[in-house]
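Undergrad: So that we are looking at the same thing, I have put the structure below in structure tokens.
The values are calculated or read from the model by the stated rules, or taken from the named source; none is laboratory data. In this text, all values refer to a predicted model and were calculated from it rather than measured experimentally. Every residue, glycine among them, receives a Cβ derived from its backbone with ideal geometry; neighbour counts consider all protein chains shown. Ligands, DNA and RNA are excluded from the accessible area calculation, which covers all protein heavy atoms including side chains. Shrake-Rupley method; radii C 1.70, N 1.55, O 1.52, S 1.80 Å.
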Amino acid sequence: MSPLSLDLSPDLFPALTEAQADPDGPGAHRPALRFGDRSLTYGELAATASPLAARVAEAGRIAVWATPTLETAVAVVAALLAGVPAVPLNPKSGESELGHIVSDSAPTLVLAAPGTQLPPALAALERLDIDTSAPTTSLPSPGAPDPETPALIVYTSGTTGPPKGAVIPRRAIATTLDALADAWQWTGDDVLVHGLPLFHVHGLILGILGPLRRGGSVRHLGRFETAGVARELSEGATMLFGVPTMYHRIAETLPDDPALAKALARARLLVSGSAALPVHDHERIAQATGRRVIERYGMTETLMNTSVRADGEPRAGTVGVPLPGVELRLTEEDGTTAVEAYDGETVGEIQVRGPNLFTEYLNRPEATAAAFTEDGWFRTGDMAVRDPDGYVRIVGRKATDLIKSGGYKIGAGEIENALLEHPGVREAAVTGEPDADLGERIVAWIVPADSQSPPTVDELADHVARRLAPHKRPRVVHHLDALPRNDMGKIMKRALTHD
Ligand code: MCA
Ligand code: AMP
């Protein structure tokens, strides 16, 4: 592993600073962001984001209506230049989820693309349109904020209750991106392509802020499509980021799409993360393209922890080795005794420590305290083994009530609560079951209020999509007379199988 000096510098985007200082220099003309046919160079990004930064500098906290557009990238860069924490909002969030996030994070402003209609849950907030059209000369940025200043608050699901806001400081963003640069030999010459959403760590921090920190560029597809991936990789893009569902769809398409195979074969790096990429999909892609996808492992609270390195062996089914600066251990059931074995067999919970970690869950001191051991290790809840050469293999999760579907983490509890608000539902339990495309699909087990006319799957899916978000909707619904419970009255989810 090469040595890495951790740069805790508050200047997150040196290439932007350079373009700002020398608007006629070559750096200012380099491409930074491209969304469809709209793009900004570093000079234009500096000129667009810096007046916006000046506008929001006095705001305590801002919300960003995080559509997959140029506006979202500009708004987040502006917030970071201003040192004002930004809360990216999923534009498909339903009323109850949005209401919770807005009241919990209490932003003073919401930034949105001009012309976007915002839902009633945001009506009380002052709105500021993000203007990317007419860059003037850039204004000097406000004073450099402290590295511990919160940069982003990203909402993430737990097993029960509504999502919690993970407070991510500037220091964590800088160090995780620099550690990935080391692991992936990621430079300003790289051109990234992806179609990830911009309200989570993967698409926003890795996929937008990553290229900008390196002084390179990103081309966002607006929405994921294999044709867009093929086009960009054959027109100069060097890296692809995606969740396993995207690589699964690529693997499915490859046999009938030689242009996609050729484009993938040209890429410098294909990276998957957010959930496990099945070995079958790894192998199908390798066979059709001669290229191996590498996996990295992260979490909203920790940013990135491990990765297969660009100069390492790209072994399917592993998430590689700890990134520079990240301490990783496996622990026994008690959560404190370290597992010393590197035998590919002994399972323990992954715990991590390092500058890549979040600072706290917003307004949730008890949840924050419970997430750490006494000596400061963060409990990930992921179970893993380590191979003799240190490669980590994730084998499962501690909590069965967390579901990963399409790369999104979804808590069974939040869906159960939403289902119980439907008049046709008396009792509800939610589980995940294997799905070739999504990794896991959400299954609802309900006891209908009226067994003669139980609510349909579409009705319940719409209900959950409207309240929470479309990706949280159940895909399968089973009707039961009663939920299986133990003597204590607790639902026995392991007994919920349909055969
Ligand atoms: C269908 N739709 C509905 C309904 N039924 N909408 C409302 N109500 C309904 N009842 C719509 C959906 O909104 C969507 O619309 C379309 O039908 C298809 O939806 P779906 O099948 O759910 O999904 P998909 O569009 O096929 O999405 C697959 C996907 C997506 C593209 C892979 O799951 C995705 O973008 N995943 C990325 C998740 C991610 O970034 N995770 C990172 C977090 P429309 O077509 O209009 O959209 S993890 C993380 O950050 C950590 C740090 C890490 O390690 O990375
Ligand atoms: P989130 O809470 O949405 O940030 O998702 C974090 C979780 O995604 C982790 O705790 C892991 O369970 C899972 N995850 C992320 N990357 C990988 C990967 N490469 N392989 C397996 N699981 C992953």
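Undergrad: Rounded to whole Å and ordered largest first, report the semi-axes of the equivalent ellipsoid of the stretch 335-406 derived from its Cα gyration tensor (root of 5λ). Before the final figure, lay out each step's value.
TA: Values: eigenvalues 113, 50, 24 Å².
Result for the stretch 335-406: semi-axes of 24, 16, 11 Å.
Undergrad: Rounded to the nearest 0.05, what FRET efficiency do ASP334 and LYS92 have when you use their Cβ-Cβ distance and R0 = 45 Å? Mind showing how you got there, number by number?
TA: Values: r = 41 Å, r/R0 = 0.90.
For R0 = 45 Å, the calculated efficiency reads 0.65.
Undergrad: Rg and Dmax of the stretch 174-287, using alpha carbons, in Å: what are they?
TA: Just the Cα atoms of the stretch 174-287 yield Rg and Dmax of 13.3, 41 Å.
Undergrad: Using alpha-carbon positions, what is the distance between the centroids of the stretch 97-122 and the stretch 15-86, in Å?
TA: Result: 20 Å between the Cα centres.
Undergrad: Going by amide H atoms built from the backbone, whose H comes under 5 Å of the H on ARG397, apart from near neighbours?
TA: MET383
Undergrad: Hey, what do the phi angles of the stretch 45-57 turn into as Karplus ³J(HN,Hα) couplings, whole Hz, using 6.51/-1.76/1.60 and θ = phi - 60°, x for Gly and Pro?
TA: Rounded to whole hertz, the list is 5, 4, 5, 7, 7, 5, x, 5, 4, 5, 5, 9, 4.
Undergrad: Rounded, prolate or oblate for the stretch 198-247? Axes are the square roots of the Cα gyration tensor eigenvalues, ordered a ≥ b ≥ c, and the cut-off for rounded is a/c under 1.5. Kindly include the intermediate steps, with their values, before the conclusion.
TA: Details: a/c = 2.08, a/b = 1.17, b/c = 1.78.
It comes out oblate by the Cα gyration axes.
Undergrad: Can you give the FRET efficiency for THR160 and ASP24, using 1/(1 + (r/R0)^6), R0 = 51 Å, r = Cβ-Cβ distance, to the nearest 0.05?
TA: Details: r = 56 Å, r/R0 = 1.09.
That gives a FRET efficiency of 0.35.
Undergrad: Here is a further query. The stretch 314-465: D in µm²/s via Stokes-Einstein (Kirkwood Rh, Cα pairs, 25 °C, 0.890 mPa s)?
TA: 136
Undergrad: Taking all protein chains as present, what is the carbon and sulfur share of the accessible area of the stretch 387-458, in % to the nearest whole number, probe 1.4 Å?
TA: Working: 1520 of 3010 Å².
Of all accessible area on the stretch 387-458, carbon and sulfur atoms account for 50 percent.
Undergrad: Measure of size requested: the Rg and Dmax of the chain, with Cα atoms as the atom set and Å as the unit; please supply both.
TA: 22.5, 74
Undergrad: Two decimals, Cα atoms only, Kirkwood Rh: what is Rg/Rh over the stretch 46-103?
TA: On the Cα set of the stretch 46-103, Rg over Rh gives 1.01.
Undergrad: Hey, another quick one. What is the packing order of peptides 462-468, 419-425, taking the mean over residues of other C-beta atoms within 10 Å and listing the highest first?
TA: On the way: 462-468: 20.6, 419-425: 16.1.
The peptides rank, most packed first, as 462-468, 419-425.
Undergrad: Residues of the stretch 256-364: accessible area per residue at 1.4 Å, in Å²?
TA: Working: 4410 Å² over 109 residues.
Per-residue value: 40 Å².
Undergrad: Let me ask something else. How big, in percent, is the set of alpha carbon pairs in the stretch 16-123 lying more than 23 Å apart?
TA: Numbers: 1840 of 5778 pairs.
Result: 32 percent of Cα pairs exceed 23 Å.
Undergrad: Lysine pairs in the chain with alpha-carbon atoms under 26 Å apart, 8 or more places apart or on different chains: how many are there?
TA: 22
Undergrad: Turning to a different aspect of this structure: Could you tell me the distance between the Cα centroids of the stretch 323-385 and the stretch 175-238, to the nearest Å?
TA: 28
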